[in-house]
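Nothing in this text is a laboratory measurement; each read-out follows from the coordinates by a stated rule. Owing to the predicted nature of the structure, the values given are computational and were not obtained by experimental measurement. FYI the Cβ positions are ideal-geometry reconstructions off the backbone, even for glycines, and counts take in every protein chain you see.
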Amino acid sequence: MKVGIIGATGYGGVELYRILSNHPHVEECILYSSSEMDVPYSNSFPHLHQLSNHILRDINVEEIKRDIQFLFLATPPGVSRDLTPKFQGSNVRIIDLSGDLRLKDRLAYEQWYKRPCVSDDILEHAVYGLSELHKEEIMNADILANPGCFPTATILGLAPVVQNKIIDVKSIIVDAKTGVSGAGRNASQAFHYPEVNDNVKIYKVHEHQHIPEVEQALHSLNEAVGAISFSTHLIPMTRGIMATIYASVEDSYTTEKLLDLYKSYYAESPFVRIREQDVFPSTKEVYGSNFCDIGVKLDERTGRITIVSVIDNLMKGAAGQAVQNFNLMNGYEETTGLYFAPIYP
Ligand SMILES: NC(=O)C1=CN([C@@H]2O[C@H](COP(=O)(O)OP(=O)(O)OC[C@H]3O[C@@H](n4cnc5c(N)ncnc54)[C@H](OP(=O)(O)O)[C@@H]3O)[C@@H](O)[C@H]2O)C=CC1
Ligand SMILES: CC(=O)N[C@@H](CCC(=O)OP(=O)(O)O)C(=O)O
């Protein structure tokens with residue numbers, strides 16, 4: 001299979017390259033750039049010196065259609081709105097890492113992303129694909145909307161108790177933290193070292209573009225889900241997301257019963273690891289890997305559960321899940337090219 005990456009010079013793109021260049025079913029990986037062409041890829045990423053002899057190519061749609069069968073878009077919001085229609089009717093299947101194709105309600109997209117939405121036609125074709133929850137839809141997709149990083153951690157953390165109607169969905173509170181690579185490679189003042197180091201900042205309060213995505217996915221598991229409380233914090237680390245989630249639970253539940261439920265819900269999901277009682281995951285325990293690790297505990301005094309869900313934002317939160325979806329779309333084993341240990345320490 002010949003694949004292409006548009007946005008290869010970004011953090012999501014280079015993580016895709018790292019995985020796909022070692023993928024047994026990828027014969028060639030062609031890298032495209034909108035700002036640099038005919039220059040070695042390793043100029044952008046010196047850590048690939050002697051490992052990559054790729055030369056960045058211009059984004060020429062006709063050549064892309066001719067040269068590859070599968071395209072990853074690791075581009076900023078708004079770019080896939082323009083690019084995806086150009087591949088309609090071709091043999092190129094697409095996975096989009098941006099938020100452009102995730103929301104089924106175009107008005108919601110325009111409200112939260114503050115930019116025009118894709119055409120109805122593209123929106124109807126695009127399949128939202130959280131690998132663990134939407135396997136069948138993913139397998140048949142031609143245009144796949146890869147989930148966002150916070151939504152991946154949050155939805156995986158909540159799905160077992162939301163779908164099985166074990167919590168009061170009105171009581172859901174998500175308190176999430178992210179590393180700085182979540183903002184991409186082109187840093188602005190807010191992500192400058194002196195601003196981020198030795199600091200914790202809450203941002204996009206009640207306005208984060210991932211709120212409607214989480215609500216949309218949870219609502220599809222349980223129609224009672226409406227608006228949820230969701231906040232995001234920037235912390236001084238490179239990679240990682242921790243979503244700490246609180247919700248009121250039905251009386252009859254114990255921590256042991258909850259853990260059994262989580263383990264059976266994810267029994268067929270090789271990338272979701274449920275921790276034992278009283279053991280909570282930290283972001284370092286998934287660093288550089290495609291795992292989502294989850295810990296759960298009931299607070300018997302308050303009747304609320306605390307769910308801790310961690311991922312690497314560039315892996316399970318972006319490129320790793322995109323390759324997991326690529327595997328599902330092509331009928332390859334889900335773990336192909338992805339089942340490796342996190343980097344530790
Ligand atoms: N970082 C993360 O943790 C996550 C990111 N995402 C999403 O994935 C996408 C990529 O994110 P990330 O890699 O972090 O971002 P980066 O800013 O690191 O990279 C984006 C890349 O897109 C390319 N690009 C910019 N403008 C255009 C354009 N008009 N046409 C084509 N290509 C363009 C640039 O490369 P060049 O100039 O060479 O074309 C750039 O390197 C974003 O939509 C982001 O929201 C999703 C989940 C997690
Ligand atoms: C640290 C940081 O700024 N993270 C970004 C991650 C969002 C992202 O990756 O964007 P989409 O999923 O919407 O494409 C944010 O919180 O907006």
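Which whole-number percentage describes the relative contact order of the chain, with Cα contacts under 8 Å and a sequence gap of 6 or more?
So the answer I get is 17 percent.
For the chain, find the longest principal axis of its Cα atoms and tell me its angle to the long axis of helix 320-329, 0 to 90°, nearest 10.
80 degrees
Just subtract the alpha-carbon distance of E195 and M139 from 0.36 nm times their residue separation and send over the number in nm, one decimal.
15.9 nm
How high is the relative contact order of region 210-345, in percent, with contacts defined as C-alpha pairs under 8 Å that are six or more residues apart?
Once divided by the residue count of region 210-345, the mean separation gives 24 percent.
Explain nothing, just compute: Karplus ³J(HN,Hα) = 6.51 cos²θ - 1.76 cosθ + 1.60, θ = phi - 60°, for every residue of region 290-300 in order, whole Hz, x for Gly and Pro.
Each residue's phi maps through the Karplus curve to give 9, 7, 10, 9, 10, x, 9, 8, 8, 8, 5 Hz.
Which percent, nearest 5, of DSSP beta bridges in the chain are antiparallel?
50 percent
Can you give me the long-range amide H partners of D293? Hydrogens built in the peptide plane at 1.01 Å from N, cutoff under 5 Å, separation of 5 or more residues or another chain.
Under 5 Å from the amide H of D293 lie the amide H atoms of R273, V310, each far enough along the sequence or on another chain.
Please give the Cα centre distance for region 58-74 versus region 220-282, rounded to the nearest Å.
Between the Cα centres of region 58-74 and region 220-282 lies a distance of 38 Å.
Residue-wise, which Karplus ³J(HN,Hα) couplings in Hz belong to region 277-283, taking 6.51 cos²θ - 1.76 cosθ + 1.60, θ = phi - 60°, and x for glycine or proline?
4, 6, 10, 10, x, 10, 5
Hey, rough spin-label estimate for N91 and T335, points 7 angstrom out along Cα→Cβ, what's it come to in nanometres?
3.2 nm
Just add up the charged neighbours of I5: K/R +1, D/E -1, any other residue whose Cβ is under 15 Å from the Cβ of I5.
Result for the local shell: -3.
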